[in-house]
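Following: one structure in structure tokens, then a few remarks.
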Amino acid sequence: MLLVAAAPAAAAELVASGGAFNLSSDKSEAEAGLGARFAPRAWGIAPETGVTVSGEGSFWVFGGLRRDFAVGSGGWAVAPFWGVALYQAGSERDLGGAVEFRSGIELSRELGRGRRLGLAFYHLSNAGLYDFNPGANSLVVTWAWRPAGR
């Protein structure tokens, strides 16, 4: 939570998300997140950070990189992203260890006045760092907005 709390002053966008965690399992659960996306740097790559909580009490704090690519006209964009997460298992979902990797893709549309609505799919797993590596997939709706004056 400290990463998100420190981010808004310099954030290009603030982000809220909600959807399904562990989607490809028969034990899917709700998830909700808050984050910050920063202004793009070299090659249009932007840092991002956030925190997510699942309905069964798992939570993860993440930091990573993303790159928005415009798709056609009308404010559409697709953004692949990758990052590292620190994960704490709740009552239902052990992912094998504390260090996890988060990779995915988001399709979004600019709605005007600094608002963006999107749909993101991502995978969270430890990439074989630990003996146990079940991974989990998430599908979330994202709502991003630019703070006033940005």
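The values are calculated or read from the model by the stated rules, or taken from the named source; none is laboratory data. Being a predicted model, the structure only gives us computed values, none of them experimental. FYI the Cβ positions are ideal-geometry reconstructions off the backbone, even for glycines, and counts take in every protein chain you see. Quick note on the areas: whole protein, heavy atoms, side chains included, nothing else; ligands and nucleic acids left out. Shrake-Rupley method; radii C 1.70, N 1.55, O 1.52, S 1.80 Å.
Quick notes on this structure:
- Stokes-Einstein D for the stretch 2-150, Kirkwood Rh over Cα pairs, 20 °C, 1.002 mPa s (µm²/s): 137
- Sorted largest first by accessible area at a 1.4 angstrom probe radius, with every protein chain in place, the residues 130, 122 fall in the order 130, 122.
- Per residue, the chain exposes an accessible area of 52 Å² to a 1.4 Å probe, with every protein chain left in place.
- Selection from 78, 108, 40, by position along the positive dipole direction of the chain (Cβ): 40
- Taking label positions 7 Å along the Cα-Cβ direction at both residue 65 and residue 143, the computed distance is 3.1 nm, reported to one decimal.
- Available extension along the chain between residue 24 and residue 127 is 35.3 nm, counting 0.36 nm per residue and deducting the alpha carbon span.
- Most fluctuating residue given options 111, 34, 95, as computed from a GNM of the chain linking Cα atoms under 10 Å: 111
- Cα-based shape type of the stretch 87-143, given that a ≥ b ≥ c are square roots of the gyration tensor eigenvalues and the cut on a/c is 1.5: prolate
- Residue 121 - accessible surface, heavy atoms, 1.4 Å probe, Å² rounded to 10: 90
- Rolled with a 1.4 Å probe across the full set of protein chains, the surface gives residue 53 an accessible area near 70 Å².
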